[in-house]
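The values are calculated or read from the model by the stated rules, or taken from the named source; none is laboratory data. Every value quoted in this text rests on a predicted model; they were computed, and no experiment measured them. Virtual Cβ from ideal backbone geometry, glycine too; neighbours counted across all protein chains shown. Ligands, DNA and RNA are stripped out before the accessible areas are found, and what is left, the full protein with its side chains, is counted by its heavy atoms. Shrake-Rupley method; radii C 1.70, N 1.55, O 1.52, S 1.80 Å.
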2 protein chains.
Amino acid sequence: MEKKQNTLYVGSLAKGLRLLRAFDESHTELSLVALAERSGLDKSAVQRLANTLHIEGMLDKDPVTRRFRPSHAWLELAYAYYWSDQLVGQAIPKLIDLSQEIGETVNLAELSKDHIIYVSRLPCQRTYFAATVIGRRLPALSTSGGRAIISTFSPEDREEAIETWPLKAFTPRTTLDRATIRNSIDEAVQQGHAISSDQMILSEIGVACPITGPDGRAFAAVQCSVSAHTWTRERIRAEILPRLQDTANAISPSSQVHRR
Amino acid sequence: MEKKQNTLYVGSLAKGLRLLRAFDESHTELSLVALAERSGLDKSAVQRLANTLHIEGMLDKDPVTRRFRPSHAWLELAYAYYWSDQLVGQAIPKLIDLSQEIGETVNLAELSKDHIIYVSRLPCQRTYFAATVIGRRLPALSTSGGRAIISTFSPEDREEAIETWPLKAFTPRTTLDRATIRNSIDEAVQQGHAISSDQMILSEIGVACPITGPDGRAFAAVQCSVSAHTWTRERIRAEILPRLQDTANAISPSSQVHRR
DNA sequence: CGAAGCGTATCATATAATAATACTTGATAT
DNA sequence: ATATCAAGTATTATTATATGATACGCTTCG
């Protein structure tokens, strides 16, 4: 057992967490052996750990198929998260106003290492399910929100992000060329907002403004996704951008302290 | 150590989970000793477990205050949950349509033991923060959604719920008298929907229709919250209810299998 | 009917978690 | 400045506790 050998590290707990993380969009319910395969733990360990998680209410178990599933407790954790995140509380009312004004889907994205994570989503039009689910984590470089955030970094940090942060192709048109991304971010530096097309879904245009901390560095973004069938970049700039910008500014904490 | 002494029960994992559950709306960041107090574990244990959770990315640690906070990973768990819940995927597009039509806050609530839990929320008007956060768990008897669900139970189950499920005063006007609640639920049995006022927040009216499984028994509800200042029960019944009912019916799985 | 796959149960062993203790740090007050 | 206190951090001997190999039982297929 080559564990992080540290007396302040509880291996069993870490293993249990790996079980939780074995579930994702394409693994929504898992059998005992499937859990073992995905977590890399052996059958006996999974048996004990999954049983514990079940007893503690963290995993539901289908009495007939014997498969495990995320339980409602996972949502309760999200509930606790929301109360702990200062930003969300301040942002929500303003985001609601914005979505009502423009009648399009509005998102709040926070920086999470080199990804962005959608913290709040207010869908206004029918969209893909994935576009409505909170907690989605996407490469920062591939999203308008991430680019807007990066655009507020110092030139050095910006360059490092552009050069080293991960990329992944989601559509045939997802930009994988870092030079092109650099142009997009440079544009965002000039204009104070980022626009991207076809990055996550084809015919989708994203526009985002950074939410900056007192130091001027952004740690989140307000983002709006619209269909390229009904919107052009010009119309977005004319009709959506001003309000989006106002909302982002209104949310940005100018003096008060916030979490990193 | 008087643990559930069972070789299939991993105590350390269970303890770690208790740490996660120590966070809620009024405990958004916790120090080491605060965690120890809230979890009932001793300082050394919390030190080890919290450290593990931190290393594994489940807890953020403020480098200056040394306090722990829920991390973005908690939202990723919610993300995984959403994909595993069949109902949400089917319901979301219809809920979006509904909220756009009526211009009021729409919620999807699922039954979770004797509580309901808000799984999806589409806020349309500014409201209290608590009314916008998913994962909120409320006594089923005190919500229109819960009463709508209970109204589909067999008379025996209904009675048991009314008599034994928990109640809690959230406002001075929260109904704590079970006879009154029985009347409300009986009404729901007759009419196919439940209406309640001032239960969670003063001057708030909730109206809900059950989402029933193939067996006719509900396991979720579509719910709409409006302000008593702008709405009367009559207007709600005339303008909101028909569409709410349609939406609930459209979501209800008639033949396909679903989670319990 | 036999085999295969999966979930469940048992148990001897030593690893890995424990809790007591002591050390470090930083804040507050004297 | 110095003392005091509370909270976080580090270390250690001890044994309780997690481990994983093995065996059993139940379905499902071919």
- prompt: residue A:82: accessible area at probe 1.4 Å, nearest 10 Å²?
  reply: 20 Å²
query: Hey, what did chain A get for relative contact order, percent, Cα under 8 Å, at least 6 apart?
result: 14 percent
- line: In whole angstrom, largest first, the equivalent ellipsoid semi-axes that the Cα gyration tensor gives for the stretch B:187-248 are 22, 12, 9
statement: Volume per residue (Å³) of the convex hull spanned by the alpha carbons of the stretch B:11-75 is 81 Å³
- prompt: Per the Kirkwood treatment, what hydrodynamic radius in Å, one decimal, follows for the stretch A:4-135 from the mean inverse distance over all distinct Cα pairs?
  reply: 17.3 Å
query: Looking only at other chains, what is the average number of their beta-carbon atoms within 10 angstrom of each beta-carbon in A:54-63?
result: 3
query: Which whole number gives the average count of other chain Cβ atoms within 10 Å of the Cβ atoms across peptide B:86-93?
result: 3
message: Less than 12 Å Cβ to Cβ from residue B:101, Lys/Arg counted +1 and Asp/Glu -1: what total charge do the surrounding residues give?
response: -2
message: Can you give the FRET efficiency to the nearest 0.05 for residue B:65 and residue A:34, using r as the Cβ-Cβ distance and R₀ = 45 Å?
response: 0.65
task: Have a look at A:46, A:155, A:73 and report the one farthest towards the positive end of the charge dipole of the stretch A:27-169, computed about the Cα centre with Cβ charges (Lys/Arg +1, Asp/Glu -1).
output: A:46
- prompt: Among B:195, B:89, B:227, whose Cα sits farthest toward the positive end of the charge dipole of chain B (+1 at Cβ of Lys/Arg, -1 at Cβ of Asp/Glu, about the Cα centre)?
  reply: B:89
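With charges only on Cβ, +1 for K and R and -1 for D and E, what is the dipole size of the stretch B:81-230 about its Cα centre, in debye, rounded to 20? Working shown, then result.
On the way: 13 positive and 17 negative charges, 92 e Å.
The calculated dipole for the stretch B:81-230 is roughly 440 debye.
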task: Consider just the alpha-carbon atoms of the protein assembly as shown and return their Rg together with their Dmax, both in angstrom.
output: 23.5, 70
- request: Could you tell me the distance between the Cα centroids of the stretch A:79-108 and the stretch A:207-229, to the nearest Å?
  value: 12 Å
- request: Could you work out the mean count of beta carbons from other protein chains within 10 Å of each residue's beta carbon in B:96-107?
  value: 2
message: For residue A:235, place a label point 7 Å from Cα along the Cα-to-Cβ direction in every copy; what are the distances to the other copies, in nm, shortest first?
response: 3.3
- request: Label chain B by shape, choosing from rounded, prolate and oblate, from the square roots a ≥ b ≥ c of the eigenvalues of the Cα gyration tensor; if a/c is under 1.5 it is rounded, and otherwise prolate applies when a/b is larger than b/c, oblate when it is not.
  value: prolate
- request: Could you check the simple spin-label distance between residue B:217 and residue A:176, using points 7 Å along Cα→Cβ, in nm with one decimal?
  value: 5.1 nm
- prompt: Build a GNM of chain A with springs between Cα atoms under 10 Å: which of A:33, A:222, A:207 gets the top mean-square fluctuation?
  reply: A:33
